[in-house]
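Take a look at the structure below.
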Amino acid sequence: MIARICLAVLLTVATPLAAQSVRLQAHEISALLTNNTAVGVWEGVAYRQFFGADGRTIYAQAEAKSTAGKWRIDETRNEYQSIWPRDPDWQGWYVMEYAGDFYWVSKSTPPTPFKVVEGNQLVAE
């Protein structure tokens, strides 16, 4: 009986500590990305993307020419947005954190994991 009560208390206390996905707010996205590099895999291809404090971004993949674009944070929507040379309009993604990992999330793409490395690290060391 005491063992069951202890187990019930332990489960009740442990449940709130379980990992939950959290949507980052605008200021958190800005702090995470500004002057840093995201590293991940997009549509099966490894990439690195640097986010300059001046709003410029560079997207790089191995064996391909890098692409320069612009990025910003929409504070009313709490999302990261970018625009590239051939894009007609800004596109936005939420940034989620789950169990210490970050994910790009939009209505049209599945959650896509990425890591952040400090500074401009477009070239893997």
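The values are calculated or read from the model by the stated rules, or taken from the named source; none is laboratory data. Nothing here was measured: the structure is a model prediction, and the numbers come from that model. As a convention, Cβ positions derive from the backbone with ideal geometry for all residues, glycine included, and neighbour counts pool all protein chains shown.
Taking region 71-92 as the search range and keeping residues that are outside any loop (DSSP other than H, G, I, E, B) and among the charged types (D, E, K, R), which one is surrounded by the most Cβ atoms within 10 Å (Cβ to Cβ)?
Glu79
Answer yes if at least one residue in region 17-27 is surrounded by 12 or more Cβ atoms within 10 Å (Cβ to Cβ), modelled with pLDDT of 95 or more, over 22 Å from Ala124 (Cβ atoms) and out of contact with any strand residue (DSSP E or B) (no Cβ under 8 Å at 6 or more places or on another chain), and no otherwise.
yes
In region 70-125, which residues are among the aliphatic types (A, V, I, L, M) and under 22 Å from Ala53 (Cβ atoms)? Full working, then the answer.
Filtering region 70-125 for residues among the aliphatic types (A, V, I, L, M) gives 73, 83, 95-96, 99, 105, 116-117, 122-124.
Within region 70-125, Ile73, Ile83, Val95, Val116, Val117, Leu122, Val123 meet the criteria.
Can you tell me which residue is nearest to Trp42 (Cα to Cα) among those in region 81-123 that are of a type in the set (A, V, I, L, M) and out of contact with any Lys or Arg (no Cβ under 7 Å at 6 or more places or on another chain)?
First, pick out the residues of region 81-123 that are of a type in the set (A, V, I, L, M): 83, 95-96, 99, 105, 116-117, 122-123.
Retained after the next criterion (residues that are out of contact with any Lys or Arg (no Cβ under 7 Å at 6 or more places or on another chain)): 95, 99, 105, 116-117, 123.
Working: Val95: 15, Ala99: 20, Val105: 12, Val116: 15, Val117: 17, Val123: 17 Å.
Residue satisfying both the conditions and the ranking: Val105.
Restricting to region 37-47, name every residue that is more than 16 Å from Gly100 (Cβ to Cβ) and either loosely packed, with under 15 Cβ neighbours inside 10 Å or of a type outside the set (A, V, I, L, M, F, W, C) (or both). Let's see the steps before the verdict.
Of region 37-47, the ones more than 16 Å from Gly100 (Cβ to Cβ) are 37, 41-47.
Scanning region 37-47 gives Thr37, Val41, Glu43, Gly44, Val45, Ala46, Tyr47.
If you take the residues of region 30-45 that are part of a strand (DSSP E or B) and either touching a helix residue (DSSP H, G or I) at 6+ places or on another chain (Cβ under 8 Å) or among the polar types (S, T, N, Q) (or both), which of them is nearest to Ser108 (Cα to Cα)?
Residue satisfying both the conditions and the ranking: Thr37.
Residues of region 101-111 being farther than 18 Å from Asn78 by Cβ and in contact (Cβ under 8 Å) with a residue 12 or more places away in the chain, which ones?
Of everything in region 101-111, just one residue is farther than 18 Å from Asn78 by Cβ and in contact (Cβ under 8 Å) with a residue 12 or more places away in the chain, namely Asp101.
Checking His27 against (1) within 12 Å of the chain's Cα centre (by Cα); (2) in a helix (DSSP H, G or I); (3) not β-branched (Val, Ile, Thr), which single condition isn't satisfied?
Unmet for His27, out of (1) within 12 Å of the chain's Cα centre (by Cα); (2) in a helix (DSSP H, G or I); (3) not β-branched (Val, Ile, Thr): (1).
Here is a list: Ala68, Ala60. Which entry is in contact with a Lys or Arg (Cβ under 9 Å, 6 or more places away or on another chain), surrounded by 17 or more Cβ atoms within 10 Å (Cβ to Cβ) and at pLDDT 95 or above?
Values: Ala68 fails: surrounded by 17 or more Cβ atoms within 10 Å (Cβ to Cβ).
Exactly one residue qualifies, and that residue is Ala60.
Within region 93-106, can one find any residue that is among the small types (Gly, Ala, Ser), crowded, with 16+ Cβ neighbours inside 10 Å and either under 17 Å from the mean Cα position of the chain (by Cα) or closer than 23 Å to Ala31 by Cβ (or both)? Working first, answer last.
Within region 93-106, the first condition is being among the small types (Gly, Ala, Ser), and the residues that meet it are 99-100, 106.
This time we only want the ones that are crowded, with 16+ Cβ neighbours inside 10 Å, so: none.
Checking region 93-106: not a single residue is among the small types (Gly, Ala, Ser), crowded, with 16+ Cβ neighbours inside 10 Å and either under 17 Å from the mean Cα position of the chain (by Cα) or closer than 23 Å to Ala31 by Cβ (or both).
Of the residues that make up region 96-104, is at least one under 21 Å from Asn120 (Cβ atoms), at pLDDT 95 or above and assigned to a strand (DSSP E or B)? Full working, then the answer.
Step one: list which residues in region 96-104 are under 21 Å from Asn120 (Cβ atoms), which gives 102, 104.
Subsequent filtering for residues that are at pLDDT 95 or above retains 102, 104.
Add one more test, that the residue is assigned to a strand (DSSP E or B), and what stays is 102, 104.
Yes, because at least one residue in region 96-104 is under 21 Å from Asn120 (Cβ atoms), at pLDDT 95 or above and assigned to a strand (DSSP E or B).
Since Gln81 meets every condition but one in (1) at pLDDT below 95; (2) in contact with an Asp or Glu (Cβ under 6 Å, 6 or more places away or on another chain), which condition does it not meet?
For Gln81, the failing item is (1).
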